[in-house]
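Peer 1: Here it is: the structure, laid out below.
Read-outs throughout are calculated quantities, based only on the coordinates presented, and are distinct from any laboratory measurement. Everything quoted here is computed from the prediction, not taken from an experiment. Methodologically, a virtual Cβ is constructed for each residue, glycine included, from the backbone with ideal geometry; neighbour enumeration extends over all protein chains shown.
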Amino acid sequence: MSETHELFHSIQQLARQLTKSLNSSLQPFNIYHSEWTVLYVLKNKGPLTQREIAEYLAIEAPPVTRTIKKLVEKSYVMQVKGSDKRSNHVVLTDLALKEFPKWEQAVIQANELLIQKLPDTSYEQLKFIVTSWSDSLTFREE
């Protein structure tokens with residue numbers, strides 16, 4: 001097995017473990033990682049179209065559509081007609097805004113527990129590597 005293959009396999013395994021940890025932390029709130037990512041983006045970026053959410057999260061449209069449908073059913077988001085009437089904007093509801101701090105605290109606590117397992121000297125290096133690598137892979141429309 002090539003070193004590159006091993007690296008990417010390890011990254012994929014780490015991503016699964018991080019998702020599993022986050023799902024566990026959000027379970028008391030009946031929210032999953034996929035839902036949290038949409039809620040988090042909407043809280044930080046404001047109302048977005050489904051397409052904008054999919055592009056920002058680098059996820060295909062069908063899973064985003066399914067996640068938004070679940071969030072609508074849970075009364076955490078609603079779809080509002082855009083000014084051009086051709087697209088809907090996804091907006092956080094008052095309920096979601098009220099509950100968001102609880103969800104965010106659960107995520108922060110989970111992240112803190114996970115980061116404790118990383119040597120102090122590695123944190124800044126890892127943050128730099130992940131951020132710069134991710135930025136270099138992000139497609140930007142020009």
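Peer 1: Counting other Cβ atoms within 10 Å, keep those with at most 12, restrict to DSSP loop, and tell me which chymotrypsin sites (Phe, Trp or Tyr not before Pro) in the range 48-142 are left.
Peer 2: Qualifying residues, ordered by number: Phe139.
Peer 1: Considering only the other residues whose Cβ falls under 13 Å of the Cβ of Glu73, what net charge follows from Lys and Arg at +1 and Asp and Glu at -1?
Peer 2: Net of charged neighbours comes to +3.
Peer 1: How would the range 24-137 be classified by its alpha-carbon gyration tensor: rounded, prolate or oblate, with rounded meaning a/c under 1.5 and the a/b versus b/c comparison settling the rest?
Peer 2: Details: a/c = 2.55, a/b = 1.51, b/c = 1.69.
Oblate is the answer for the range 24-137, as a/c is 1.5 or above yet b/c matches or exceeds a/b.
Peer 1: Further question: Which of the lysines could be linked to Lys20 by a straight reach, that is with a Cα gap under 20 Å, when you skip same-chain ones fewer than 8 residues away?
Peer 2: Those lysines meeting the cut-off are Lys70, Lys102, Lys117.
Peer 1: Using a simple spin-label model with points 7 Å from Cα along the Cα→Cβ vector, what separation in nm is obtained for Gln116 and Val80?
Peer 2: Inter-label distance under the simple model: 4.1 nm.
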